[in-house]
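The values are calculated or read from the model by the stated rules, or taken from the named source; none is laboratory data. Just so you know, these numbers come straight off a predicted model, no measurement behind them. With ligands, DNA and RNA removed, areas are computed over all heavy atoms of the protein, side chains included. Shrake-Rupley method; radii C 1.70, N 1.55, O 1.52, S 1.80 Å.
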Amino acid sequence: MGHPAVTTQRFSPSYNGIMSKREFQTEVSQLLQLIVHSLYSHPEIFLRELISNASDALDKLRHLTLTDAAYKALPFNPRIDLELDEQNHTLTIADTGIGMNEEDLISHLGTIARSGTKNFLAQLSGDAKKDSNLIGQFGVGFYSAFMVADRIEVVSRKVGEDKAWRWISDGKTGFDIEPAERDVAGTTILLHFNEEGKQYANSWRLQQVVKKYSNHIAFPIFLTYDKSEWNEAEKKSDKVRTTEQVNAASALWRRPKSELTDDDYKELYKSISGDSQDPLFWFHTRAEGNLDYTTLFYIPAKAPLDLYQPEYKVGVKLYVKRVFIMDDARELLPQYLRFVRGIIDSEDLPLNVSREILQQNRVLASIRTASVKKILAELKSIAANQREKYLEFIAQYNRLLKEGVYSDFANREILLDLIRFKSTKVEGLTSLADVKTRMNAGQKSIYYITGGPESLLRTSPLLEIYKKKDIEVLILDDEVDEIVFSGVDKYDDIDLKAINKASTSDDLKDDTTPEADTAESLKPLLDHLKAALGDRVKDVRPSVRLADSPSCIVFDEEEPSLQMQQMLRAMGQKDIPAPKPTLEINPDHEIVKKLLARSNGALTPDDALTQDAAWMLFDQALLLEGVPLQDPAAFVQRLNRVLTHSI
Ligand code: ADP
Ligand code: MG
């Protein structure tokens with residue numbers, strides 16, 4: 001692709017005061033195009049993004065001064081300064097954070113380091129409103145400033161270094177870099193507003209945007225602007241250059257619940273998550289005693305888009321005594337709760353806690369265990385008390401709960417209670433607890449069917465006998481269901497059974513086990529079918545589970561179903577055991593009865609019609625399982641022979 005990636009020319013020789021012109025990495029150009037041309041709906045988020053970068057830079061510096069001996073003596077005067085020039089339509093955003101050196105400027109503001117940004121590009125819908133919400137989620141934040149500026153200058157000096165650098169760009173093809181001056185470490189970003197951006201060259205508007213998105217940023221944000229003040233002596237208003245703090249700058253989660261309003265919680269959520277929608281729920285907990293910590297967890301209304309990507313962004317930030325420590329620690333919550341956003345603030349962890357320490361830290365392990373319990377318990381109470389709201393949650397996260405059943409043995413019981421299922425007995429979704437209350441008198445197990453889309457499962461011949469006996473069957477049509485539920489034997493004290501597995505359940509046996517003499521009289525036909533199908537089947541036997549269909553296929557308890565085999569193969573697994581299915585036939589079905597009559601005594605291996613019938617009974621059972629035929633041509637030929645015969 002035309003442009004060389006700037007990363008390859010990072011360490012170019014010295015500048016001698018001459019500007020160096022560089023091109024953006026191709027993805028950056030692409031992204032800028034998109035940002036400038038299609039993401040106009042919320043241009044105000046540029047300020048949230050730049051302030052959050054400044055706040056990140058301050059967090060990083062604070063962390064350094066607290067943990068690294070070489071930086072201990074450094075002064076730390078954290079603040080973020082916005083300076084407005086209404087006449088010239090410019091705004092600067094300055095921080096006293098960690099700063100960037102030449103190399104940082106080139107790689108952080110000239111390339112896309114985060115794999116998340118590629119995901120961002122892939123996720124774009126073309127709907128400007130939705131797409132602009134993605135900006136925050138994927139952390140392509142800095143570039144969003146080009147929505148409102150046609151020229152951006154960044155002057156930065158990295159902590160511990162004396163040189164400063166200026167990065168300048170019009171956001172089109174590339175940027176310039178040159179040496180610059182800056183008194184102290186930190187970063188100043190100068191925006192020259194474009195037409196779209198001029199509305200922000202207004203102090204009132206700026207204050208409004210800061211309050212909206214950045215009120216709970218932990219550092220003070222000051223705005224310097226020309227304030228109109230009434231001059232009583234001269235009876236006119238004067239412009240007075242004024243600096244005022246615009247945000248509350250409090251660690252809101254440390255305040256008592258009683259002092260906080262819903263709006264406080266929602267606002268904090270938006271500022272930490274980059275989501276512009278209100279969260280579904282939040283759970284705020286203050287633990288005192290053995291361990292002191294505060295947690296504030298949020299459930300986003302829409303599942304984060306990167307949920308199923310290996311590089312998903314962690315949504316919970318770790319603080320120690322209100323000091324930000326890290327926001328990418330996967331240890332904070334189990335993976336299946338990766339949709340949770342929020343804050344864990346501990347009094348007991350050391351400030352210099354490293355990633356390695358986190359992994360085996362007892363304090364964190366206890367906080368994590370308690371947090372998971374808390375989240376699941378809160379969800380359970382919502383499920384009980386706010387059914388409608390809970391279904392909104394389920395619509396987004398049911399599958400994640402299943403992951404939990406699979407991976408979190410300690411919380412399996414409650415997770416099973418939280419999951420919702422489709423069923424043959426109710427519209428919509430149901431819980432296992434409800435299924436239990438609907439069980440027939442004397443019913444021993446709870447049943448489910450897996451392997452394929454809902455429409456296929458609902459018409460499966462395997463369901464017939466359950467319908468006839470009025471036994472509820474759960475329709476597990478999610479791809480992960482078979483993997484998850486094959487590992488779950490019981491709900492409460494009740495067995496959970498897949499109806500497409502061979503062993504027949506106690507609930508069917510009583511009145512449907514074929515009479516011994518039926519089995520005896522069927523034998524010649526069974527033998528014949530077996531001979532015809534050869535090694536494609538494990539066995540052919542009379543069925544106890546069919547009512548209206550002539551045949552079905554089943555697998556042994558421990559064997560993967562056909563869909564599961566297909567899925568594993570699609571996932572690239574090579575050596576999938578291909579267990580053979582067992583063909584079951586329905587002794588009460590017309591076809592079987594007629595075949596039996598025909599075969600009675602007179603069955604010969606070369607009876608072409610029974611031969612065809614054997615295959616057609618097998619193929620139709622496969623088709624109903626959603627498995628494509630191995631030899632469609634042969635199927636059609638047989639069909640035609642049988643038709644010819646019967647017309
Ligand atoms: P993100 O914040 O998600 O990493 P951004 O596009 O907002 O993505 O910023 C890109 C990178 O540029 C940041 O990760 C950071 O390394 C650097 N950066 C941006 N603004 C600042 C700043 N004010 N001080 C120091 N580094 C910054
Ligand atoms: Mg950012």
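Key figures
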{"read-out": "Relative contact order, percent, the chain [alpha-carbon distance under 8 Å, six or more residues apart]", "value": "8"}
{"read-out": "Principal-axis tilt of helix 203-214 within the chain, Cα atoms, nearest 10 degrees", "value": "40"}
{"read-out": "Solvent-accessible area, 1.4 Å probe, carbon plus sulfur percent, for the chain", "value": "50"}
{"read-out": "Rounded to 5, percent antiparallel among DSSP beta bridges of the chain", "value": "75"}
{"read-out": "Cα pair distances in the stretch 142-247, grouped into 10 Å bins until the bin that holds the longest one, percent each", "value": "13, 30, 37, 16, 5, 0"}
{"read-out": "Heavy-atom accessible area per residue - the chain, 1.4 Å, Å²", "value": "47"}
{"read-out": "For the stretch 83-94, 3J(HN,Hα) per residue [Karplus equation, 6.51 cos²θ - 1.76 cosθ + 1.60, θ = phi - 60°, Hz, x = Gly/Pro]", "value": "10, 10, 10, 5, 5, 8, 6, 10, 9, 10, 10, 10"}
{"read-out": "Relative contact order %, the stretch 252-387, counting alpha carbon pairs below 8 Å whose residues are six or more apart", "value": "21"}
{"read-out": "Cut-off under 5 Å, modelled amide H: who pairs with Ala164 long-range", "value": "Ala180, Arg182"}
{"read-out": "Value of relative contact order over the stretch 324-415, rounded to a whole percent, pairs C-alpha under 8 Å and six or more apart", "value": "29"}
{"read-out": "Accessible surface of Phe324 - all protein chains present, 1.4 Å probe, nearest 10 Å²", "value": "20"}
{"read-out": "Separation of alpha-carbon centers, the stretch 166-223 and the stretch 408-480, rounded to whole Å", "value": "56"}
{"read-out": "Average silhouette area of the stretch 251-365, convex hull of alpha-carbon atoms, in square nanometres", "value": "7.2"}
{"read-out": "Cα-derived Rg over Rh, computed across the chain with Rh taken as Kirkwood radius", "value": "1.12"}
{"read-out": "Residue-averaged 222 nm ellipticity for the chain, from DSSP H runs of 4+ at -39500 (n - 2.57), nearest 500", "value": "-11500 deg cm²/dmol"}
{"read-out": "Largest to smallest principal axis extent of the C-alpha atoms in the stretch 399-501, angstrom", "value": "38, 30, 26"}
{"read-out": "5 Å-binned pair-distance histogram of the stretch 516-646 (Cα, whole percent)", "value": "2, 10, 19, 22, 20, 13, 8, 4, 2, 0"}
